[in-house]
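K.L.:
This structure is in C-alpha cells; I'll ask about it shortly.
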Amino acid sequence: MISVVTQRRTPGSQTSLREANRGRIVDAVKKHGGLTQVELAGVTGLSAASVSNIVKELSGTGVLHTSPTTQSGRRAQYVTLAHALGLVVGVHFSTRHMRVALADVAQKVVAEHHVPLAKDHRADYELDKTALLVVDMLESVSASMKEVLAVGIALPAPLNSKHGTTSRSGILRGWDGVPVADVMRRRMNSPVFVDNAANLSALAELRLGAARGRRDAVFIDVGDGIGAGLILNGQVFRGHNGSAGEFGHTTIRENGPLCRCGNRGCLEAIAGGPAILEHLRPTHGALKLGDVVSRAMAGDPGCAREIADAGRHIGVAAANLCNLFDPERLIIGGELAKAGELLLGPIRHATERSVIVGDDALPDIVQGQLGVRAATLGAVSFAIDQIAVSTDTIGNNTSDTDAIGPDAIGTVTIVA
Ligand SMILES: [Zn+2]
C-alpha cells in the first residue's frame, strides 16, 4: 500500500500526532487531486484550524500549493500537491491509439501527445517509441528525465498483477508475455506502474470527472473493446488477480460469435467496435469507429441503428452488473460514447428494463466527462498514487505557529 513517509517517533506523542495529521492531509490531497480547506476538514475529520495550520506549514516546506478559489460564492483556498515536487508520465495504449500526458504532481497536464497505432502493433517497438516521445515532450517544457518521479501505463487488457503481463493471450496481440513495467522501467530509468485502462479511466472519472464524490459507480468503456472499471466504496476494485471488471467478456449469447479471448458470445464480440464495423461493411464499406459516430450524429440511419443496437446489448449486460453491485451511477466513456444519447438512450432503456431495484433507485446513466483522455489522466493519477511525499519537517518549529524553517523543502520517494 501507499503511505506517507514519516520518521518514527514515540506513538501518541504530540509530534507523532502532528506527523500523522500531516500525512492525512497529504494523502487526502493526493487521493482527490486537490481540495479546498473546508473539504479537507470534511475528508480528514480534522478541525478547520488544524487543517489551516498544517496546510500553511506544508506550503512553506514546498509540499503543498494553495491558490485562491470560490466555493458556494465564498472565497476559499484550493490545496494541491506542489508542482515543483516533480513530474509524472501517463501513457494509454489502446488497440489503435497511444496517448501520452506529462503532468506535475498536482495533476496539471503540461504536455500531451497522441499517436495512431497499427492494428497489430508490437509492444517492444511501441514502448521504445514512447520513451523517445517522452524525452521530446520533457525537452518541450525544459525538463529532463531526472524530474520524472513515476510512469503510469494503461493497457486495454486484463493484467496479471504478479507477472506484470497481460493475463490472457490473444486479447492484445503483440503484448503477450511482455512484462510491460520492467521493459519500460529499463527504457525510462523511472519506476513504472501498469493497470487496466478501464480501471484507470474509472480512477480519473472518480478524481476529476463524472464519479467525483460517488462511493459506488461503474465506468463502462466502449470503443474497440468493451471494459468496465468498478468503483466500490470510493476505490477502484481490482479483484483477487487484478482482472475484475472484464465486462466486455461477459457472455450474452452462449453460442454467439467467437471473441478474440477465445470464448463465444462475449458482449464485445457483439457490440464492440470491430463487430459494429463488420456489421456495417456490406452497406457502408470500410469505416472507422469515429466515422460511424459522426455519420450517426449527422443522421445516417444505418450507423445510428448499429450504435443503438450496441447500446441495447450493453444495457442488458449492464443490468446484470447493476443487479450484482447496485451502483449509484453508470458512466459511459470511450470512443462510442461520443455519440451521446444515440448510445446512452438505448443503454438506459435496456438497463432500466432489467434492473431489479425500484424506479426510484435506478442508477443514473451519464456520459464520462473526460472523454478519450480518461485512461491517460487515470495513468497520471495512478503514477502520483505511487509517490510517497515526505512531510517531515525536521529542524522546523512543529508547534501550531506560522514559523517555517527556511531550509526545509518537500522531498519525495517512491513506494513500489
Ligand atoms: Zn471475450
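Per-residue answers, yes or no, for (1) over 20 Å from residue 130 (Cβ atoms); (2) modelled with pLDDT of 95 or more; (3) not aromatic (Phe, Trp, Tyr):
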| residue | (1), (2), (3) |
| --- | --- |
| 178 | no, no, yes |
| 183 | no, no, yes |
| 193 | no, no, no |
| 203 | yes, yes, yes |
| 217 | yes, yes, yes |
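K.L.:
Still on this structure, please answer the following. What is the one condition in (1) of a type in the set (S, T, N, Q); (2) farther than 28 Å from residue 205 by Cα; (3) within 16 Å of the ligand (Cβ to nearest atom) that residue 283 does not satisfy?
P.N.:
(3)
K.L.:
Moving on to the next point. Mind checking which residues of the stretch 235-255 are surrounded by fewer than 16 Cβ atoms within 10 Å (Cβ to Cβ) and acidic (Asp, Glu)?
P.N.:
254
K.L.:
Continuing with this model, one more query. Can you tell which of 345, 410 is at pLDDT below 90 and not hydrophobic (A, V, I, L, M, F, W, C)?
P.N.:
410
K.L.:
Find the residue count for the stretch 85-122, including only residues that are surrounded by 15 or more Cβ atoms within 10 Å (Cβ to Cβ) and over 18 Å from the mean Cα position of the chain (by Cα).
P.N.:
Going through the stretch 85-122 one residue at a time, the tally reaches 5.
K.L.:
Check the stretch 181-203 and report whether any residue there is touching a Ser or Thr at 6+ places or on another chain (Cβ under 6 Å) and buried (at least 17 other Cβ atoms within 10 Å of the Cβ).
P.N.:
Within the stretch 181-203 (the criterion being touching a Ser or Thr at 6+ places or on another chain (Cβ under 6 Å) and buried (at least 17 other Cβ atoms within 10 Å of the Cβ)), the answer is yes, since at least one residue qualifies.
K.L.:
So, one more: Tell me which residues, restricted to the stretch 239-272, are in a loop (DSSP other than H, G, I, E, B), within 8 Å of the ligand (Cβ to nearest atom) and among the small types (Gly, Ala, Ser).
P.N.:
Passing the criteria: only 262.
K.L.:
Also: Looking at 232, 258, 208, can you tell me which residue is more than 20 Å from residue 346 (Cβ to Cβ), hydrophobic (A, V, I, L, M, F, W, C), surrounded by fewer than 19 Cβ atoms within 10 Å (Cβ to Cβ) and touching a residue at least 60 places away in the same chain (Cβ under 8 Å)?
P.N.:
After applying the criteria, what remains is 232.
K.L.:
Looking at 126, 112, can you tell me which residue is within 27 Å of residue 65 (Cα to Cα), in contact with a strand residue (DSSP E or B) (Cβ under 7 Å, 6 or more places away or on another chain) and among the charged types (D, E, K, R)?
P.N.:
112
K.L.:
On to the next question. Which of the residues that make up the stretch 138-161 are under 16 Å from residue 188 (Cβ atoms) and more than 21 Å from the chain's Cα centre (by Cα)?
P.N.:
138, 139, 143, 144, 145, 146, 147, listed by residue number.
K.L.:
Continuing with the same structure: Yes or no: the stretch 131-141 includes at least one residue that is over 18 Å from residue 104 (Cβ atoms), free of Cβ contacts under 8 Å to residues at least 40 places away in the same chain and crowded, with 21+ Cβ neighbours inside 10 Å.
P.N.:
no
The values are calculated or read from the model by the stated rules, or taken from the named source; none is laboratory data. Computed from a prediction, not measured in an experiment: that's the story for all the values here. For neighbour counting, all protein chains shown are included, and Cβ atoms are generated from backbone atoms with ideal geometry for every residue, glycine included.
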